[in-house]
Amino acid sequence: MDLKTHILTALSEQIETYTTWIAWMDDQKAAIALSPSVWDSRDVLTHCWFWQQRSNERMAAAVESREPVFIRLPAGMQYNREEDIDAVNAWSAAEFRESDWQRAWQRWQQGYKHLLETAAKIPQAALLDSGRYPWMNGYPLMNVLLGTYDHHVEHMDELNKFFHQK
């Protein structure tokens, strides 16, 4: 199995795991704060969806041979500045928060599936070529897929810890 197939398979398995694990949730369960955080499950999915939009835009830009256009952040905030990450996360949580669990869940799920479909269109060589997309600043596009996987593992661990201690 080549690397592209491997990561797309892992991402497909990840969405299945999320789907299986979260299928039992409703608005009431999704509104429980994930202590010590003030975020609830909806907030976590909204957070993942927000960053997923950046990944989706990068994949679309690669397929369409153009520069990516990201969601505009408030003045002074930058995606790639480490000291801005908490502020970006707080802003996106407030800006895109869904009050309805099912809507948050569907939006995240559709975005994740879209990422898989778009990434499948990109040849493995293009995903691995660190010089192909100047807007990736010397990183291969494959890093976007690997980062997506890692980001979702981080938050699934967070959700699992909370709900398994109940």
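The values are calculated or read from the model by the stated rules, or taken from the named source; none is laboratory data. Here the structure is a predicted model, which is why all the values come from computation and not from measurement. Counting neighbours? That spans all protein chains shown, and the Cβs are built from the backbone with ideal geometry, glycine included.
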### Message
I need every pair where a residue in the range 19-31 that is part of a helix (DSSP H, G or I) has its Cβ under 6 Å from the Cβ of a residue that is among the basic types (K, R), sequence separation at least 6 or different chains.
### Response
A30/R42
### Query
For residues in the range 64-108 being of a type in the set (A, V, I, L, M) and closer than 27 Å to A120 by Cβ, which is surrounded by the fewest Cβ atoms within 10 Å (Cβ to Cβ)?
V69
### Task
Please verify whether the range 25-45 includes one or more residues that are crowded, with 18+ Cβ neighbours inside 10 Å, at pLDDT 95 or above and within 20 Å of R107 (Cα to Cα).
no
### Summary
Among residues of the range 110-122 being in contact (Cβ under 8 Å) with a residue 12 or more places away in the chain and farther than 13 Å from L11 by Cβ, the residue surrounded by the fewest Cβ atoms within 10 Å (Cβ to Cβ) is K121
### Task
Could you grab me the full set of residues in the range 123-143 that are in contact (Cβ under 8 Å) with a residue 60 or more places away in the chain and in contact with a Phe, Trp or Tyr (Cβ under 7 Å, 6 or more places away or on another chain)?
L141
### Task
Collect the residues in the range 55-108 that are at pLDDT 95 or above, part of a loop (DSSP other than H, G, I, E, B) and among the β-branched types (V, I, T), keeping them in residue-number order.
V69
### Among residues of the range 139-166, those that are outside any helix (DSSP H, G or I) and at pLDDT 95 or above, counted
3
### Task
Could you tell me which of the residues L159, L145 is over 19 Å from S37 (Cα atoms) and of a type in the set (A, V, I, L, M, F, W, C)?
L145
